[in-house]
Every structure is written in structure tokens, then in C-alpha cells.
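The values are calculated or read from the model by the stated rules, or taken from the named source; none is laboratory data. Keep in mind that this is a model prediction, so the values were computed, not measured. Every residue, glycine as well, gets a Cβ built from its backbone with ideal geometry; the counts of neighbours run over all protein chains shown. Areas reflect the complete protein model, heavy atoms only, side chains present, ligands, DNA and RNA absent. Shrake-Rupley method; radii C 1.70, N 1.55, O 1.52, S 1.80 Å.
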Amino acid sequence: MIIHGTGLKIFTANSNVDLAKNIAKHIGVPIGNALVTTFSDGEISVNIHETVRGSDVFVVQSTCSPVNDNLMELLIMIDAFKRASAARITAVIPYYGYARQDRKTKARDPITAKLVADLITSAGADRVLTMDLHAAQIQGFFDIPVDHLLGVPILAQYFVEEGFEGDDLVVVSPDLGSVTRARNFAHRLNAPLAIIDKRRPKANVAEVMNIIGEVKGRRAILIDDLIDTAGTITQGATALVEKGAKEVYACCTHGVLSGPAIERIANSPIKKLVITDTVPLTPEKRIDKIEVLSVAPLFAEAIDRIYEGLPVSILFE
């Protein structure tokens with residue numbers, strides 16, 4: 001742990017306070033003195049109770065549910081720090097909301113991921129630190145530097161420590177878009193790769209079509225960047241069991257887990273779901289099947305390296 005002077009300051013709004021506190025603890029600085037509340041009409045009120053003039057400010061805020069409230073809190077905090085003469089402002093966004101709206105899939109679609117990037121830049125952020133964007137090219141939506149951390153090393157380390165290595169293991173990509181991530185994960189576990197080929201008739205509805213690769217008699221680990229309503233992952237788990245997999249596990253970086261997700265996971269063949277704390281897991285979503293890993297040490301190291309002007313790429317390993 002490196003103890004810093006007043007140059008580095010970490011603040012948080014309301015979306016993921018525990019993660020922000022853990023990041024600050026690993027770095028060795030206190031959480032900045034700020035209060036983010038609402039007026040009686042719902043407008044967001046930000047009060048910064050300490051000087052930030054000339055400081056390197058890091059604002060930790062996942063734009064998870066309630067997405068619009070958390071996004072506005074982030075934008076207003078950035079504006080407040082800019083107007084308070086902070087030397088540099090880094091938006092630390094462990095989970096970047098609206099990332100799935102990264103392209104036009106049909107006529108007249110918005111590209112909301114780009115709009116959000118523009119808002120964060122216009123508010124006054126000098127750089128962004130985030131993790132596992134749904135589409136890596138979202139980095140290019142920003143006109144400021146973006147450091148993009150990966151969740152795979154954390155997830156893979158967990159399974160290695162739990163003894164998930166050997167010939168009876170297979171890593172499964174839940175769709176064609178996640179193959180690169182799954183291949184990286186499989187390499188770390190020295191395991192073969194399988195792919196679920198599916199089609200999605202409409203948003204949040206997935207239909208499993210085919211499994212490419214050998215899964216019979218093996219322990220299967222499904223890996224994705226995020227799990228929202230859990231339709232894709234639970235249907236995939238069921239298909240794997242039907243194809244002869246003897247056990248099914250799942251993991252992802254962002255456990256959004258909205259709507260029927262918890263019920264689906266509880267009733268699925270998945271033995272354990274491993275997620276990180278980029279999105280806070282509320283008490284009503286805590287079930288025995290879900291294991292939460294902390295990304296605080298990784299973000300703390302990244303923040304320290306950004307502050308010291310050191311390369312962040314080493315953290316990808």
C-alpha cells in the first residue's frame with residue numbers, strides 16, 4: 001500500500017460506495033468528503049466539502065441501475081470538480097451503462113454509448129478508467145484517453161485456485177460475440193473451447209441453436225462480460241447439460257441481474273455463478289449460488305499507475 005499526499009483524491013457518488021471505499025483503502029487515501037443527494041423535486045444536489053484545487057481527482061461511479069440517476073450523478077460531480085479547479089479528473093466507471101447500444105442494428109436506432117461518451121467528455125472528464133466494455137470499440141467513442149481493464153484474469157484466477165484445470169474441463173462462449181474473451185479465459189485454464197450458436201428473436205430473449213465443440217462428460221464454464229436477465233446463460237447451461245456436460249458453472253464481470261435473473265439462476269443447472277463487484281449485489285439478490293469477487297485491488301493499482309504516470313497495460317496480465 002502506497003500512502004499518497006493530497007495530490008490524489010478519490011470521490012464517489014451513490015452507485016457503488018463499498019467498491020469506492022475498498023479502492024481508497026487499497027491505495028491508502030480516505031474517500032473524499034462529498035455529499036450527493038436530491039432536492040425535493042428529484043434534481044441531484046452535489047456538495048464537495050474539501051478543496052480539490054490542483055488535485056488529481058478520481059470519481060468512482062458505476063452507471064448501473066438506476067442508470068439515469070447514476071449517470072447524472074457522475075456528470076454533475078465531474079462538472080463540480082472542473083469548476084473547483086481540479087488539475088485532472090478521471091471518471092472511474094467500473095460498469096459502463098448503455099454499452100449495449102453501441103451501433104445501429106436497425107433504421108433510426110440511436111447509438112447511446114457514443115452519446116454517453118460525449119456527455120462524460122463535455123462534463124469535463126480528462127480520462128476514463130473502466131472495465132470490460134460490452135464492445136471494446138467504445139473506447140474510440142471518447143476523445144479523451146480510456147484505460148480499459150479486463151475481468152478475465154480475476155475470474156480465471158478464482159477457478160484456477162478452485163482446482164478447475166485438466167482434461168475434464170471445457171470453457172464455453174455463450175455466443176459468437178464472446179469468443180475472444182472465452183478463448184483468453186480458456187488459455188488461462190489450459191482448457192478447450194466450445195461455442196453456443198444462438199439467435200436472439202428480440203431484446204432479452206435468446207434461443208439456443210447449436211453447440212460447437214465437445215462438452216460431453218466435462219465440467220463446463222460459461223463466461224460472458226455481463227449477465228442481465230440471465231436468459232442467455234441459463235438457456236446455455238440447460239443446453240450443455242442436455243449435451244452431456246456433467247457440471248455447469250458460469251462467470252461474468254458485470255452481474256447486472258435484473259428482472260427474473262435471480263429466479264432463473266436459482267432454478268437453472270448452474271452450480272455456481274461467479275461475478276465481480278463492478279455492480280453492487282443488493283441483499284435480495286444474494287443467493288448461495290452466487291460468488292462475488294472484488295475488483296478493488298485491480299482498480300486501485302490502475303489508479304495508482306495513472307497518478308504516477310506509469311503504464312497500465314501490465315495489469316492486463
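Values computed for the structure shown
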{"read-out": "Cα-based helix-to-principal-axis angle, 152-161 vs the chain, degrees rounded to 10", "value": "60 degrees"}
{"read-out": "Dipole magnitude of the chain, debye to nearest 20 (Cβ charges: Lys/Arg +1, Asp/Glu -1, about Cα centre)", "value": "620 debye"}
{"read-out": "Most fluctuating residue given options Thr238, Thr282, Thr229, as computed from a GNM of the chain linking Cα atoms under 10 Å", "value": "Thr282"}
{"read-out": "The chain: most fluctuating residue of Ala123, Ala266, Ala107 per GNM, C-alpha cutoff 10 Å", "value": "Ala107"}
{"read-out": "Net charge, Pro94 excluded, C-beta distance under 11 Å - Lys, Arg +1, Asp, Glu -1", "value": "-2"}
{"read-out": "Among beta bridges that DSSP assigns inside the chain, antiparallel share in %, nearest 5", "value": "20 percent"}
{"read-out": "Most mobile of Arg108, Arg83, Arg305 in a GNM of the chain (Cα contacts under 10 Å)", "value": "Arg108"}
{"read-out": "Reachable lysines, given that their alpha-carbon falls under 28 Å from the alpha-carbon of Lys272 and they are not under 8 places away in the same chain", "value": "Lys21, Lys198, Lys202, Lys216, Lys243, Lys246, Lys285, Lys289"}
{"read-out": "Ranked packing of 109-121, 215-227, most packed first, by mean Cβ within 10 Å", "value": "215-227, 109-121"}
{"read-out": "Packing-based ranking, highest mean first, of 29-38, 128-137 given that Cβ atoms within 10 Å are counted", "value": "128-137, 29-38"}
{"read-out": "Mean Cβ count within 10 Å, highest first, over the residues of peptides 155-167, 248-260, 291-303", "value": "248-260, 291-303, 155-167"}
{"read-out": "Added length on full extension, which subtracts the Cα-Cα distance from 0.36 nm per residue, Lys246 to Lys82", "value": "53.5 nm"}
{"read-out": "Local net charge near Phe142, Cβ-Cβ under 12 Å (Lys/Arg +1, Asp/Glu -1)", "value": "-2"}
{"read-out": "Fraction of accessible area attributable to carbon and sulfur, the chain (%, probe 1.4 Å)", "value": "50 percent"}
{"read-out": "Cut-off under 5 Å, modelled amide H: who pairs with Gln101 long-range", "value": "Ala113"}
